[in-house]
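Student: Attaching a single structure in structure tokens format; questions to follow.
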Amino acid sequence: MTEQHRAIKVLTLNTVAFTVCFAAWMMNGVLITFLVSNGLYNWDKAQMGWLIGIPVLTGLSLAAISGSKVTAPPSPIIAY
């Protein structure tokens with residue numbers, strides 16, 4: 001296995017792992033609103049906001065530190 005092939009393999013696996021972890025954390029954030037509204041957790045809105053916002057803030061700060069220019073397509077919701 002060449003060094004370049006190994007680097008591509010590691011990059012691909014890290015990207016997939018990060019995507020899965022991010023999706024799991026965001027699902028946790030969505031589920032916690034349901035669990036709090038049904039009385040299973042006694043969290044206030046600030047705590048739920050931190051739980052939902054941490055993965056987004058982490059990704060944004062890491063992108064800013066690394067200097068990457070992450071752009072997203074315009075959302076129709078923003079147009080309103």
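Student: Out of region 1-23, which residues are exposed (fewer than 11 other Cβ atoms within 10 Å of the Cβ) and under 21 Å from the mean Cα position of the chain (by Cα)?
Tutor: Residues satisfying the conditions are VAL10, LEU11, THR12, LEU13, ASN14, THR15, VAL16, ALA17, THR19, VAL20.
Student: Scan region 1-33 residue by residue and report those that are in contact (Cβ under 8 Å) with a residue 12 or more places away in the chain and hydroxyl-bearing (Ser, Thr, Tyr).
Tutor: Scanning region 1-33 gives a single hit, THR33.
Rule-based calculations on the coordinates, nothing more; no lab input. The shown structure was predicted, so the numbers you read here are calculated from the model rather than taken from an experiment. Here Cβ is always computed from backbone atoms with ideal geometry, including for glycine, and neighbour counts include all displayed protein chains.
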